[in-house]
Amino acid sequence: MASPLPSALRALLHRRFTRIVVFSGAGMSAESGIPTFRSGRNGLWNAFDPQALATPQAWRRDRDTVWGWYEWRRGLVMAASPHAGHGAVARLRNELDAEVVTQNVDNLHERAGADGVMHLHGSLFSPRCDTCGAPFSLTASPPPEPSRQRPPPPCPACPGAIRPGVVWFGESLDPAVVEAATAAIIRCDLLLIVGTSGMVYPAAGLVDLAPPDALIVEINPEPARSTGRIGYAWATTAATGLPALAEHLLAYSR
Ligand code: OAD
């Protein structure tokens, strides 16, 4: 059963919202067993060096290590399932026309039933050629261990190699995705910020574009300060908080 909303939050939500945006980060998928980057003992950047794995320089230096690591992460996601929070976001998307903007490179929002998700940092499931940019379909199963090196597949169209479809440190975000996310956020009346530390720009800065009269609710078990304009910071997890919030918003819209 969905947990009840705190009364102060319930009071803030005592109106009908028609332009809802969900902005998610790694904490959104933590309860599906996908490690975050910076929180807890399993934070990826506590265990691995981002400079050695998530930069264009790392790719040029050692493609097999970089490709093997992202393939391991793809395998983690494939073995995971969306949780009740992903299901709640999908309901908001499908029943209230909410927009979903994520920093996550997994596909758990989609597998819960949300379409049109804006992936600011790309996707583990859309690799492309590092030279001609042609998209590539992955068929091989990912390795079970993060340490397993793997040569990337050769591009079928040119002498390039297939690279992960994610945005690395030092690279630009896809302008079309940023434009779509910006368009959604600047007109929202309710912004739900879920499971992000708000530390990686420019993605983190997008939430500051919400209109001054929009209600901003943060869902994060730790204080995250993802923006200075939080209307209510709910210290709860995505799988607990989002179903309760969605239930309330859906009931209110009927
Ligand atoms: P972080 O790892 O920086 O932050 C995860 C946040 O999720 C923290 O604030 C946690 O407190 C919170 N959290 C943990 N468990 C949660 C739960 N069950 N429910 C809700 N919140 C929870 O992840 P991001 O902010 O997403 O970039 O990181 C931003 C970017 O940094 C990532 O997209 C990635 C990384 O480098 C790229 O890959 C380009």
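For segment 127-164, enumerate the residues that are within 16 Å of the ligand (Cβ to nearest atom) and under 16 Å from L76 (Cα atoms).
The answer is P146, P164.
Give segment 6-61 a look and list any residue that's surrounded by fewer than 21 Cβ atoms within 10 Å (Cβ to Cβ), of a type in the set (G, A, S), under 30 Å from S81 (Cβ atoms) and at pLDDT 95 or above, or say none.
Scanning segment 6-61 gives a single hit, G33.
List every residue pair whose Cβ atoms lie under 6 Å apart, where the two residues are 6 or more positions apart in sequence or sit on different chains, the first residue falls within segment 201-224 and is open to solvent by 20 Å² or more (accessible area, probe 1.4 Å), and the second residue, located anywhere, is among the aliphatic types (A, V, I, L, M) and in a loop (DSSP other than H, G, I, E, B).
Qualifying pairs under 6 Å: P221/A235.
Across segment 183-200, what is the total count of residues that are away from the ligand (no atom under 12 Å from the Cβ) and surrounded by 16 or more Cβ atoms within 10 Å (Cβ to Cβ)?
As a first pass, look at segment 183-200 and keep what is away from the ligand (no atom under 12 Å from the Cβ): 183-191.
Next, from what is left, pick out any that are surrounded by 16 or more Cβ atoms within 10 Å (Cβ to Cβ): 184-185, 188-191.
Of the residues in that region, 6 qualify.
Can you tell me which of P175, P221 is under 19 Å from the mean Cα position of the chain (by Cα) and within 12 Å of the ligand (Cβ to nearest atom)? Don't jump to the end; show me each part of the working.
Details: P175 fails: within 12 Å of the ligand (Cβ to nearest atom).
One residue alone meets the criteria, P221.
Using the structure shown, decide if A79 is within 12 Å of the ligand (Cβ to nearest atom), under 19 Å from E110 (Cα atoms) and either open to solvent by 20 Å² or more (accessible area, probe 1.4 Å) or among the hydrophobic types (A, V, I, L, M, F, W, C) (or both). First the steps, then the outcome.
On the way: within 12 Å of the ligand (Cβ to nearest atom): no; under 19 Å from E110 (Cα atoms): yes; either open to solvent by 20 Å² or more (accessible area, probe 1.4 Å) or among the hydrophobic types (A, V, I, L, M, F, W, C) (or both): yes.
No; evaluated as a whole, the condition is false for this residue.
Only one residue in V117, V101 is away from the ligand (no atom under 13 Å from the Cβ), under 20 Å from F17 (Cβ atoms) and touching a helix residue (DSSP H, G or I) at 6+ places or on another chain (Cβ under 7 Å). Which one?
Working: V101 fails: away from the ligand (no atom under 13 Å from the Cβ).
Only one candidate passes the filter, namely V117.
Filter segment 104-114 down to residues that are touching a strand residue (DSSP E or B) at 6+ places or on another chain (Cβ under 7 Å) and within 16 Å of the ligand (Cβ to nearest atom), then give me how many there are. Before the answer, list the steps.
Of segment 104-114, the ones touching a strand residue (DSSP E or B) at 6+ places or on another chain (Cβ under 7 Å) are 104-107, 109, 114.
The next check asks that each one be within 16 Å of the ligand (Cβ to nearest atom); those that pass are 104-107, 109.
Summing the residues that are touching a strand residue (DSSP E or B) at 6+ places or on another chain (Cβ under 7 Å) and within 16 Å of the ligand (Cβ to nearest atom) in segment 104-114 gives 5.
Residues that are over 28 Å from N220 (Cα atoms) and at pLDDT below 95: list the strands (runs of 3 or more DSSP E) wholly contained in segment 85-176 that include at least 2 such residues. Walk me through how you get there before you give the answer.
On the way: elements: 99-102, 122-129, 162-166.
Those strands (runs of 3 or more DSSP E) do not exist here; none qualify.
Filter segment 140-194 for residues that are under 30 Å from P211 (Cα atoms) and without any contact (Cβ under 8 Å) to a residue 60 or more places away in the chain and give the result. Even if it seems obvious, please write down each step before you answer.
Looking only at segment 140-194, we keep the residues that are under 30 Å from P211 (Cα atoms), and these are 166-194.
Selection gives V167, S172, L173, D174, P175, A176, V177, V178, E179, T182, A183, I186.
Sort out which residues of segment 48-73 are within 19 Å of T131 (Cβ to Cβ) and not polar (S, T, N, Q), and write them in order of number. Walk me through it before giving the result.
Filtering segment 48-73 for residues within 19 Å of T131 (Cβ to Cβ) gives 55-64, 66-67, 70.
Matches in segment 48-73: P56, A58, W59, R60, R61, D62, R63, D64, V66, W67, Y70.
Can you pull out every residue in segment 229-254 that is open to solvent by 20 Å² or more (accessible area, probe 1.4 Å), in contact (Cβ under 8 Å) with a residue 12 or more places away in the chain, more than 16 Å from the ligand (Cβ to nearest atom) and over 25 Å from I34 (Cβ atoms)?
R229, G231, H248, Y252, S253
The values are calculated or read from the model by the stated rules, or taken from the named source; none is laboratory data. This is a predicted model, so every value here is computed, not measured. Counting neighbours? That spans all protein chains shown, and the Cβs are built from the backbone with ideal geometry, glycine included. When the accessible area is computed, the model is the full protein with side chains, heavy atoms only, and any ligands, DNA or RNA have been set aside. Shrake-Rupley method; radii C 1.70, N 1.55, O 1.52, S 1.80 Å.
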